[in-house]
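Since the structure comes first, as structure tokens, the remarks are kept for the end.
The values are calculated or read from the model by the stated rules, or taken from the named source; none is laboratory data. Worth saying up front: this structure is predicted, and the values here are computed from it rather than measured. Virtual Cβ from ideal backbone geometry, glycine too; neighbours counted across all protein chains shown. In case anyone asks, the SASA skips ligands and DNA or RNA and just uses the protein heavy atoms, side chains included. Shrake-Rupley method; radii C 1.70, N 1.55, O 1.52, S 1.80 Å.
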Amino acid sequence: MAHPSMLLHRHLASLPSNTFFFLPATLALFTTLFILFYIFTTPSLFISHQHKHNLKYPLGPSQSSPLTPILPSNGSFHLSAKFPFNDVFGGEDGTVSPVSSRSHFGSKGNSMNDIDVFRDGDIFLEDYQQMNRSFKIYVYPHRRDDPFAHAFLPVDFEPGGNYASESYFKKALMNSHFITEDPRKADLFFLPFSIARLRHDRRVGGGGIQSFIRDYISNISTKYPYWNRTGGADHFYVACHSIGRSAMAKAEEVKLNAIQIVCSSSYFLPGYVAHKDASLPQVWPRTDDPPTITTSERKKLAFFAGAINSPVREKLVKFWRNDSEIYAHFGRLKTPYADELLGSKFCLHVKGFEVNTARIADSLYYGCVPIILANYYDLPFADILNWKSFSIAVVTVDIPLLKKILRGITSDEYSSLRGNVLKVRKHFQWHVPPIDFDAFFMVMYELWLRRSCIRMSND
């Protein structure tokens with residue numbers, strides 16, 4: 001076969017002089033032919049490392065294929081009906097990885113033996129100890145007689161409600177060893193405004209939050225030098241209510257530069273920047289120790305209850321509301337919510353108005369394996385936890401295949417998932433005061449990962 005460059009030379013030599021006008025189009029045509037020739041003769045160069053990895057599990061003509069993994073950047077499973085579950089759940093031989101027996105200790109000597117649920121447990125524990133020793137946060141000060149003290153200062157009561165994570169974090173931070181009163185020693189600067197509390201303030205309300213934040217940033221950038229020296233890149237705020245994602249509309253530098261720790265953490269939202277920002281777990285407050293119940297007592301295959309406030313939930317209820325194994329409810333339950341979670345093997349987290357709800361934390365608290373039906377959700381602590389070790393994410397287009405997917409999980413695979421649920425649930429609980437490896441310390445570690453390695457001079 002003649003080389004494409006020789007073909008081009010012969011073609012140009014045969015052209016009469018009056019056809020020179022068409023030379024650019026001719027060059028474009030032969031360039032395209034050359035690229036196609038190169039691709040088809042060197043196919044291995046166009047297979048990514050991840051695709052090569054997936055090709056280790058080819059299906060022979062006699063193999064059935066119940067499940068296919070679609071691995072998103074958040075590290076959890078996205079499953080559809082094509083490949084064997086064993087191939088992606090375990091090691092290269094398709095077996096489930098054994099639970100590590102190693103034990104590690106946190107800043108206060110608390111033991112942690114769940115190294116297998118982390119992306120890299122050894123690095124996490126080493127970094128965690130360093131974080132506890134050296135990480136410092138400066139909080140912009142506000143007096144108790146400030147007209148908006150209720151939005152800037154931590155609450156003096158036990159936080160409650162669906163958006164309590166925001167208040168729990170601030171309350172824990174302000175009483176922690178991470179606080180420094182010397183901004184020269186600070187790794188990060190905390191913007192302490194509370195979106196949830198401003199929303200309920202009649203002087204501000206949902207419609208006035210954008211202007212409030214704009215004016216606040218203007219004030220601190222005028223009064224202090226710290227914002228201007230980095231453009232806000234070493235600053236962060238925390239918000240759990242969904243209105244937080246629109247609160248920065250008049251303060252673009254906050255949205256683009258500052259670290260946003262938010263519950264509504266979706267790759268699909270233009271205001272959220274994965275890896276710069278981080279997901280805050282939405283947790284319904286509970287003060288009791290998590291209950292324990294054996295797998296044999298969980299009679300239901302899967303459970304969901306909630307308002308029909310999204311197309312995803314509408315589709316789920318449409319397909320499964322009358323099923324005998326998958327219980328998909330809307331409206332008021334006739335039985336206690338906790339009993340339904342305790343009686344189910346899998347509990348469904350389904351996207352509503354936003355990708356986030358408290359249902360993942362609910363599932364973990366009650367020992368139920370979470371099934372995540374929320375495309376583009378940047379899951380909490382995705383930089384740290386190996387979500388595929390304790391949860392299953394199903395793309396929403398596969399809702400009609402949900403029962404097939406769940407039935408395809410073997411008892412050994414389920415036991416491993418549920419065992420890891422019991423290990424990770426402590427990371428999705430708030431405490432006053434906080435304890436090692438709980439939600440507060442996990443969020444602090446996410447912030448520590450995002451600190452700047454260059455400390456600017458104050459001169």
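With the largest listed first and rounded to whole Å, the semi-axes of the equivalent ellipsoid of region 185-227 from the Cα gyration tensor are 23, 12, 6. Here's how it looks for ILE259: its modeled amide H is under 5 Å from those of HIS235, PHE236, TYR237, which are all 5 or more places away or on a different chain. Ignoring aspartates and glutamates fewer than eight residues from LYS250 along the same chain, the ones with Cα atoms less than 20 angstrom from its Cα are ASP201, ASP215, ASP234, ASP277.
Per residue, the accessible area of region 300-428 comes to 36 Å² when a 1.4 Å probe rolls over the protein heavy atoms. Taking amide H as placed 1.01 Å from N in the peptide plane, ASP187 has its amide H under 5 Å from the amide H of LYS136, ILE137, TYR138, each at least 5 places away in sequence or on another chain. Count charges around PHE268 for me, please; just the other residues with Cβ under 12 Å from its Cβ, Lys/Arg as +1, Asp/Glu as -1. Once all neighbours under 12 Å are counted, the net charge is 0.
Could you check how much of the accessible area of region 300-428 is carbon and sulfur, as a whole percent, using a 1.4 Å probe?
Within region 300-428, the accessible surface is 52 percent carbon and sulfur.
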